[in-house]
Amino acid sequence: MSLVKSISGIRGTIGGRVGEGLNPVDIVRFTAAYATQRRQNLPHNNRLVVGRDARLSGAMLDALVSNTLVAMGYEVVNIGLATTPTTEIAVTGEQAAGGIILTASHNPIQWNALKLLNEQGQFLSDKEGKQVLQIAENEDFTFAEVMSLGSITHKDYLQKHIEGVLALPLVDTEAIHNAHFRVAFDGINSVGGIAVPALLKALGVDDIIALNAEPNGRFAHTPEPIPQNLTDISNLMRQEKADVGFVVDPDVDRLAIVCENGDMFGEEYTLVSVADYVLQHTPGNTVSNLSSTRALRDVTLARGGQYSAAAVGEVNVVTEMKRVNAIIGGEGNGGVIYPALHAGRDALVGIALFLTLLAKEQETNGNITVSELKKRYPQYCISKNRIDLTPDTDVDALLEKVKQLYKNEQIDTRDGVKIDFQHGWVHLRKSNTEPIIRIYSEAKDEQAANALAQEVIK
């Protein structure tokens, strides 16, 4: 059993001994520590938001977290089953001091987590996260006396989230409706089964094919939306002759797209395609993380903007987006961040912008398919590898040797070591959750990408 404590929150496998798994004692302790940190930073704001995905352990966590916040004297706005981006929007909508999202994102069924937000509906900064961990370690929190106990109010924020998406100037519901798309989606038995069809209907899609839409928390497949986990929807696309397929993770902040022929559009190209559409109409800068495809850089420069990279992690990407005033950004795992609505990864925004792009392309260029659209973007291939570490491996020394070996190339050391070659790149970074080094490489084709990775691994 595992318990992982990091600046962005607390996650682990359900059960186990205190300090080992995600259990009631640790849930209460870290919730109280977060509430204390929020009160120290915003002493006059007494409101916090709680939302959750549909995991089997979600109701248990919800009861513990919400009532711990009541015991800390907070007014809790509980939005129930909700996506991560919906919870982020609810924090600012309620003018709350922060929020807690109960989700382990793409992790398997036995995992859950407390993801912690600030008053802007964004993940805590490094400094704020460390404050929470320190408070929890010292158990430096005080519960409210009986006359100062908080309360719980229940609200549904999905409709407000969808209304915000529909109000975006670059989302064209008329064009989508007139395209008469046949759309399939995989909700992975979580809140995507609620949010995605509601959005599609609001966008004007009448022909919807649902897969794994019941939000019962019993994931029909490994929930990370990567090709090896998406064979069912791939087959469904061909059988039902759908125009496009959408796949989300359990908390709906990542989006994978499936072509009409059942092939994967590629989660790296979710952001690339949407960003290219946005840049056509609102030129500006973009940001992704160091492990994301070069294709975003290429389309940004072609549209007259500037591209910059951030360390891996949503909070790092958002920070860099603010620094360079980026109009769109995200991560190559299918995470689209569009600040025109809010500064967080949002699969619903991604779906709406992509369907608008596809509808407008069909208006202009006839019945273009999703697979044909994919060919318009710069083509790269990413190879994802790993090296297992032993307890006596000195990772820092190893990365330093790699850096010296390739010192004549362009090197970035903000997050491990990234080596930029003329025709590709390799990124090595120590995992925060496993005893491994992740080695991602990219080139124009799979063979070249694998060769780059193997050269560094040797």
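The values are calculated or read from the model by the stated rules, or taken from the named source; none is laboratory data. Only a predicted model underlies this, so the values are computations on that prediction, with no experimental measurement involved. Using ideal geometry, Cβ is built from the backbone for each residue, glycine included, and neighbour counts are taken over all protein chains shown.
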Fill in: Residue among 319, 393, 356, 369 that alone is over 18 Å from residue 270 (Cβ atoms), out of contact with any Gly (no Cβ under 9 Å at 6 or more places or on another chain) and modelled with pLDDT of 95 or more
319
Worksheet item: Can you tell which of 254, 218 is touching a residue at least 40 places away in the same chain (Cβ under 8 Å), assigned by TED's automatic domain parsing to the domain that holds residue 274 and loosely packed, with under 15 Cβ neighbours inside 10 Å?
Response: 218
Worksheet item: Restricting attention to region 325-347, and to residues there that are of a type in the set (A, V, I, L, M, F, W, C) and part of a loop (DSSP other than H, G, I, E, B), which single residue is surrounded by the most Cβ atoms within 10 Å (Cβ to Cβ)?
Response: 343
Practice prompt. Scan (1) in the same structural domain as residue 221 (by TED's automatic domain parsing); (2) surrounded by fewer than 17 Cβ atoms within 10 Å (Cβ to Cβ); (3) within 19 Å of residue 58 (Cβ to Cβ) for the single condition residue 177 breaks and write down its number.
Written response: (3)
Worksheet entry | Contacts under 8 angstrom Cβ, first residue in region 34-47 being in the same structural domain as residue 134 (by TED's automatic domain parsing) and in contact (Cβ under 8 Å) with a residue 60 or more places away in the chain, partner crowded, with 16+ Cβ neighbours inside 10 Å and among the aromatic types (Phe, Trp, Tyr), 6 or more apart | 35/74; 35/141; 36/141; 46/74
Fill in: Tabulated pairs, region 58-74, first assigned to a helix (DSSP H, G or I), second at pLDDT below 95 and buried (at least 23 other Cβ atoms within 10 Å of the Cβ), C-beta under 9 angstrom, 6+ apart or interchain
61/22
Response to the item:
Among (1) surrounded by fewer than 18 Cβ atoms within 10 Å (Cβ to Cβ); (2) at pLDDT 95 or above, residue 418 falls short only on (1)
Worksheet item: (1) without any contact (Cβ under 8 Å) to a residue 12 or more places away in the chain; (2) closer than 13 Å to residue 371 by Cα; (3) among the β-branched types (Val, Ile, Thr): which one isn't true of residue 231, the others all being true?
Response: (2)
Discussion item. Looking at region 263-280, I want the residues that are under 21 Å from residue 446 (Cα atoms) and have a partner that is assigned to a loop (DSSP other than H, G, I, E, B) and small (Gly, Ala, Ser) with Cβ atoms under 7 Å, at least 6 apart or on another chain. Which pairs are those?
Written reply: 267/332; 267/334; 268/292; 268/332; 270/334; 271/332
Item to complete: Can you give me the ranges of the helices (runs of 4 or more DSSP H) entirely in region 367-458 with at least 1 residues that are within 23 Å of the chain's Cα centre (by Cα)?
Response: 370-374
Item to complete: Tell me, please, whether a residue that is more than 24 Å from the chain's Cα centre (by Cα), part of a loop (DSSP other than H, G, I, E, B) and either basic (Lys, Arg) or within 25 Å of residue 313 (Cα to Cα) (or both) can be found in region 20-29.
Response: yes
Worksheet item: Out of curiosity, is residue 242 more than 24 Å from residue 442 (Cβ to Cβ) and either in the same structural domain as residue 181 (by TED's automatic domain parsing) or surrounded by fewer than 24 Cβ atoms within 10 Å (Cβ to Cβ) (or both)?
Response: yes
Worksheet item: If you go through region 191-213 one residue at a time, do you hit one that is closer than 14 Å to residue 106 by Cβ, modelled with pLDDT of 95 or more and buried (at least 24 other Cβ atoms within 10 Å of the Cβ)?
Response: yes
Fill in: Single residue of 38, 55, 17 found to be out of contact with any strand residue (DSSP E or B) (no Cβ under 9 Å at 6 or more places or on another chain) and charged (D, E, K, R)
17
Item to complete: Among the residues of region 105-134, count how many are without any contact (Cβ under 8 Å) to a residue 60 or more places away in the chain and in contact with a His (Cβ under 9 Å, 6 or more places away or on another chain).
Response: 0
Worksheet, complete the sentence: Filtering region 174-206 down to residues that are among the acidic types (Asp, Glu) and closer than 16 Å to residue 223 by Cα yields 186
Worksheet item: Does region 65-77 hold any residues that are touching a helix residue (DSSP H, G or I) at 6+ places or on another chain (Cβ under 8 Å) and either small (Gly, Ala, Ser) or surrounded by fewer than 19 Cβ atoms within 10 Å (Cβ to Cβ) (or both), and which are they?
Response: 71, 73
Fill in: Long-range neighbours under 9 Å by Cβ, at least six apart or interchain, first residue within 10 Å of residue 120 (Cα to Cα) within region 75-100, second part of a helix (DSSP H, G or I) and among the hydroxyl-bearing types (Ser, Thr, Tyr)
98/34; 99/87
